[in-house]
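Q: Can you read through this structure? Questions will come right after.
The values are calculated or read from the model by the stated rules, or taken from the named source; none is laboratory data. What you see is a predicted model; the values in this text were computed from it and never measured. With ideal geometry, Cβ positions are generated from the backbone for all residues, glycine too; neighbour counts draw on all protein chains shown. Note: areas computed on protein heavy atoms with side chains; ligands, DNA, RNA excluded. Shrake-Rupley method; radii C 1.70, N 1.55, O 1.52, S 1.80 Å.
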Amino acid sequence: MPVSVYRVFGMNFHFTRGPQVKHLIIFFLTLSLSSTVYAQLPPPTGNVKDAFPAQKHYSPYAGRNFPTQVFWGDTHVHTGNSLDAGAFGARLLPEDAHRFARGEELTSSTGLKVKLSRPLDFLVVADHSDNMGFFPLLQSGDPKMLADPTGKKWYRMIQAGGQKGVAAAVEIVQALTENSFPKTLYLAPGTAAYRSAWERTIAAAEKYNEPGRYTALHGYEWTSTEKGANRHRVVIYRDGAGKVSTMEPYTSLPPYGSPDERDLWKWLQSYEDKTGGRILAIAHNGNLSNGAMFPVADTFTGKSYDRAWAEERIKWEPLYEITQIKGDGETHPFLSPNDEFADYETWDQGNLILSEFKKNEMLQHEYGRSALGIGMELEKKLGVNPYKVGFIGSTDSHTGLATAQEDNFFGKHSGAEPNAKRVEHPMAKVGDAEYTGWGMVASGLAAVWARENTRQSLFDAMMNKETYATTGSRMLVRFFGGWEFTKTDALNRLPANVGYTKGVPVGGDLTKGPDGKSPGFLVAAMRDALSGNLDRIQIVKIWVDSTGKRQEKVFNAVWSRNRRVGDDGKLPSVGNTVDVANATWTNTIGSPELITVWTDPEFDPKISAAYYARVLEIPTPRWTAYEAKRFGIKMKKEIPMITVERAYTSPIWYT
């Protein structure tokens, strides 16, 4: 065969002609070129380390190791499995609640089509642990229920419907709260009926939980109402069915449970010890506790608290539900007379069942803002702050429907779902005292900054208090504290990148800073696309002064349009574009977003303080305005028709 001669690397190579020759030539040429390049590289020097600088991402979204998403949810929804919800007409069960929260259109218990404007990211079905599952059995005419004379009476009243059904609901709730519930009707933990109700609740959450898209957190409500005082806690699990099903919920009624929260904490500890799982509790409606929510001494014994109690309280209860249907819980005008926005959806008649009316001295132990100050007082005595809580909102809906939006509000319970007369009828009536129908509040939502939408990530964020509450709007809010923030940081379009680099997020602590420096706070908010523009962002500061007296002050940090703070420290009103008759408004006032770096002008490095941000929207129509428009109702003068939606961040502490 023909032979060719090729010269490579200064040597002659003889090849028989063929396709293999080309491949060999390419191999040698490549090797030759590589060798030439390598021969030209200088030997390593002491500067070789500079060839590998610390990596800086071109993409500002790459390599972030902090929570970058806010997830919206409701940690407090009751279904027909709750004794009172069922009594008031709720026929939707846990499966329905999850389907609705995920964005499905449902038919409500009163036959109305209903759907959320946008799905929620997570939900806790928090049915009452006492007598869980009772009402579906009663409503179905279960023979064991009808064998009891009281059970038969309640069944007939409920079948009659209308106000007789409402009267039955009130009787049932009163019997439970007054510990006079017929023993033959009571579904206690350990019974087959109770176990069945709990297992169905667990199964519903497992069915609809979809990590990354929708999180169904397991939970229930422990409903202590000793002497009518609201001491309720929502219990939330980090875990799945395997651990959650190990123990049935703890109840508040002896002999199966206890109305004392310390016994609840013992049960929470026993759950963690037995399963290796994680669990927390969230208190709510301090405004109906008549001073029992944030006390300074044991309300059962009158004895002073000790350090061990304070450690247990904050260990198990890192969050407070600061706003919901039964009133807003930030503050009260009696406690905050200089705060022009303090009187927001105030419920202050008395305890939960209106058996004892409110006294002014009770108020300080009922609201989130005053609780922060009381906590700092107790820390000086006990060495631990028991009320170092973050904030969330939720609905406490008893319809199975998490509806907190003003134009889509389905009420507290199914007896108060939309109809032409619901504003006239009491939400609940006890003797001559009542909660008005129009007084219900379309609130609130829980906003959680987390890494991902899973049970574990959301739970961990709640424990870290990286949360905020809104009264129903889905505005975005970021709040950071630090010593190195500058005014130019407010120009950054990604405030979290700066916030986590230079400071601490909500729920965090600022310790002693550089001498002569005051803490700065980077705060940013962006409006909800379906709600009003933003009016202002305020920073609320709480501290205990050198004389031991609690203090508070509200600072206007940043606001919309060209307004100036007056000599009295007040900012002029943003205005009002609400057209009440047509239940609408225009976003021609306010701003779609606000951001600033605010520095405490009155900082004293010797005094601990707590700071949180309050974001206010421009005025928008209240749910009662939509009611009037849709049903053609003329409302009474005392019924409010306009609201100012708001957000409350968890605090940042200077310690």
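Q: Hey, for a label at Ala147 modelled as a point 7 Å past Cα toward Cβ, could you say which residues of region 187-219 have their backbone N under 20 Å away?
A: Answer for region 187-219: 187-197.
Q: Jot down the radius of gyration and Dmax of region 448-550, Cα atoms only, both in angstrom.
A: Every Cα atom of region 448-550 included, Rg and Dmax give 15.7, 47 Å.
Q: Just the projected area, averaged over all directions, of the convex hull on the alpha carbon atoms of region 139-183: how many nm²?
A: 2.9 nm²
Q: To the nearest 0.05, how large is the calculated FRET efficiency for Ala203 and Lys274 if R₀ is 22 Å and r is the Cβ-Cβ distance?
A: E between Ala203 and Lys274, to the nearest 0.05, is 0.55.
Q: Going by Cα centres, region 198-243 and region 282-296 are how many Å apart?
A: Cα centres, region 198-243 to region 282-296: 21 Å.
Q: I'd like the Karplus ³J(HN,Hα) series for region 432-446: coefficients 6.51, -1.76, 1.60, θ = phi - 60°, whole numbers in Hz, and an x wherever there's a Gly or Pro.
A: 8, 8, 7, 9, 5, x, 6, x, 4, 10, 7, 7, x, 10, 9
Q: Points 7 angstrom from Cα along the Cβ direction at Arg213 and Thr655: gap in nanometres?
A: Going from the Arg213 label point to the Thr655 one covers 4.1 nm.
Q: Restricting things to alpha carbons, find the Rg to Rh ratio for region 570-652 using the Kirkwood radius for Rh.
A: Across region 570-652, the Cα-based Rg/Rh ratio is 1.14.
Q: Once you place label points 7 Å from the Cα toward the Cβ at Ser196 and Ala160, how far apart are they in nm?
A: About 2.9 nm separates the two model spin labels.
Q: Which far-off residues, 5 or more places away or on another chain, put their amide H under 5 Å from the one on Thr599, with H placed in the peptide plane?
A: Result for Thr599 returns Phe521.
Q: Sticking with this structure for a sec: Report the FRET efficiency, 1/(1 + (r/R0)^6), for Ser304 and Phe357, where r is their Cβ-Cβ distance and R0 is 22 Å, rounded to 0.05.
A: The formula returns an efficiency of 0.20 here.
Q: Another question, then. Å³ per residue of the Cα convex hull, for region 297-387?
A: Cα convex hull per residue, to the nearest whole number: 117 Å³.
Q: Please compute, over every Cα-Cα pair in region 90-214, the percentage with a separation greater than 18 angstrom.
A: Roughly 60 percent, rounded to a whole number.
Q: Stokes-Einstein diffusion coefficient for region 360-512 at 20 °C in a medium of 1.002 mPa s, Rh from the Kirkwood formula over Cα pairs: what value in µm²/s?
A: The estimated diffusion coefficient comes to 114 µm²/s.
Q: Here is a follow-up. Out of residues 5 or more away from Ala583 or on other chains, whose amide H comes under 5 Å of its own, with H placed 1.01 Å from N in the peptide plane?
A: Amide H neighbours of Ala583, under 5 Å, 5+ apart: none.
Q: Treating cross-link reach as a plain straight distance, find the aspartates and glutamates whose alpha-carbon is under 15 Å from the alpha-carbon of Lys421, omitting any fewer than eight places away in the same chain.
A: By straight Cα distance, Lys421 reaches Glu627.
Q: Provide the per-residue ³J(HN,Hα) series for region 638-650, in order, calculated from phi with Karplus coefficients 6.51, -1.76, 1.60 and θ = phi - 60°, each as a whole number of Hz, with x at glycine and proline positions.
A: 6, 7, x, 10, 10, 10, 10, 4, 8, 10, 10, 7, 4
Q: Right, next: Once you put a point 7 Å from the Cα of Lys637 and another 7 Å from the Cα of Glu484, both along the Cβ direction, what distance in nm separates them?
A: Taking the simple label geometry, Lys637 and Glu484 are separated by 6.0 nm.
Q: Subtracting the Cα-Cα distance from 0.36 nm times the residue separation, let me have the gained length for Lys429 to Ile314 in nm, one decimal.
A: Value of the extension gain: 37.9 nm.
Q: Over the Cα atoms of region 166-240, compute the convex hull volume and normalise it per residue, giving Å³.
A: Dividing the Cα hull volume of region 166-240 by its residues yields 137 Å³.
Q: What are the GluC sites (Glu not before Pro) within region 587-655 that DSSP puts in a loop, where the Cβ has at most 15 other Cβ atoms within 10 Å?
A: Sparse-neighbourhood loop GluC sites (Glu not before Pro): Glu602, Glu638.
Q: Hey, another quick one. Cα-based Rg of region 489-614 per 2.2 N^0.38 Å, rounded to two decimals?
A: That ratio works out to 1.24.
Q: May I ask you to list, by number, the DSSP H helices of the chain whose Cα span along the axis is at least 15 Å and whose average Kyte-Doolittle hydropathy reaches -1.0 or more?
A: Span-like helices in the chain: 19-40, 162-177, 192-208, 368-382.
Q: Please give the net charge around Phe181, taking every other residue with its beta carbon less than 14 angstrom from that of Phe181, where Lys and Arg add +1 and Asp and Glu add -1.
A: Every neighbour counted, the sum reads -3.
Q: Would you kindly find the accessible area of Ser608, with a 1.4 Å probe and non-protein molecules such as ligands, DNA and RNA excluded, rounding to the nearest 10 Å²?
A: Only protein atoms counted, so the area is about 50 Å².
Q: Okay, moving on. Report ³J(HN,Hα) in whole Hz for each residue of region 215-223, in order, from the Karplus equation J = 6.51 cos²θ - 1.76 cosθ + 1.60 where θ = phi - 60°; Gly and Pro get x.
A: 10, 9, 7, 6, x, 7, 10, 8, 10
Q: How big is the chain by Rg and Dmax over its Cα atoms, in Å?
A: Just the Cα atoms of the chain yield Rg and Dmax of 30.3, 117 Å.
Q: Considering only protein heavy atoms, what per residue accessible area in square angstrom results for region 359-408 with a 1.4 angstrom probe?
A: Accessible area per residue, region 359-408: 25 Å².
Q: Now for a different question. What percentages make up the Cα-Cα pair-distance distribution of region 263-334 when the bins are 10 Å wide from 0?
A: 16, 43, 32, 9, 1
Q: Let me ask you something else. So how much slack lies between Asn179 and Asp509, counting 0.36 nm per residue of separation and subtracting their Cα-Cα distance, in nm?
A: Between Asn179 and Asp509, full extension yields 114.5 nm more.
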